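Nothing in this text is a laboratory measurement; each read-out follows from the coordinates by a stated rule. Note that this is a predicted model, so its numbers are computed, not measured. Note that we place each Cβ from the backbone using ideal geometry, even for glycine, and neighbour counts take in every protein chain shown.
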C-alpha cells in the first residue's frame with residue numbers, strides 16, 4: 001500500500017499566510033509585487049508595528065518553501081539587517097510557523113526580556 005505525502009506548501013501560499021497573520025496582528029506589511037528590477041537579496045517581507053510602549057518593531061523575513069534555498073545575496077542581507085539593534089531579520093519556512101506566530105505576536109521578545117530580567121536579578125543576588 002502506498003502512502004501519499006501531504007502537499008508541500010508553496011512559497012506563494014506561505015507568504016500569503018504570513019501576510020494575513022501580520023495584518024491580523026496590526027503590522028504594516030511591505031511585499032514587493034515583482035522584484036525583478038530590484039536589488040537582489042532584499043527580504044520578501046518588511047513588517048513594522050507600533051508597540052504599546054510607543055516603540056516600534058521591525059522584522060524582515062525571507063520566506064522559503066521547505067526545500068527552497070537562500071541565495072548568497074539573501075544570506076548577506078539577512079546577516080547585515082540582523083546586526084541592527086532591535087531588528088529581527090531571518091529566513092522562515094512553513095515548518096517554522098509556530099516560531100513565526102510567537103515572533104509576530106511579540107511573545108519571543110517578551111520571553112527574551114523576562115530572561116534578561118531574571119539574569120539581571122540573579123547577578124544582583126550572587
Checklist outcome for this item: Expected sort for 52-58, 94-100 on mean C-beta neighbours within 10 Å, highest first, is 94-100, 52-58
Item to check | Footprinting exposure proxy for 62, 86 (fewest neighbouring C-beta atoms within 10 Å first) | outcome: 86, 62
Item to check | Residue order, fewest to most beta carbons within 10 Å, for 105, 46 | outcome: 105, 46
Item to check | Simple spin-label estimate for residue 16 and residue 83 in nanometres, 7 Å along Cα-Cβ | outcome: 3.8 nm
Next on the checklist: Suppose the chain between residue 65 and residue 29 were pulled fully straight at 0.36 nm per residue; how much longer would it get relative to their current alpha carbon spacing?
Outcome noted: 11.0 nm
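Most exposed first by the Cβ proxy, i.e. fewest other Cβ within 10 Å, how do 15, 71 rank?
Details: 15 17, 71 11.
Sorted ascending by nearby Cβ count, the order is 71, 15.
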Next on the checklist: Modelling each spin label as a point 7 Å along the Cα-to-Cβ direction, I'd like the residue 50/residue 38 distance in nm, to one decimal.
Outcome noted: 2.5 nm
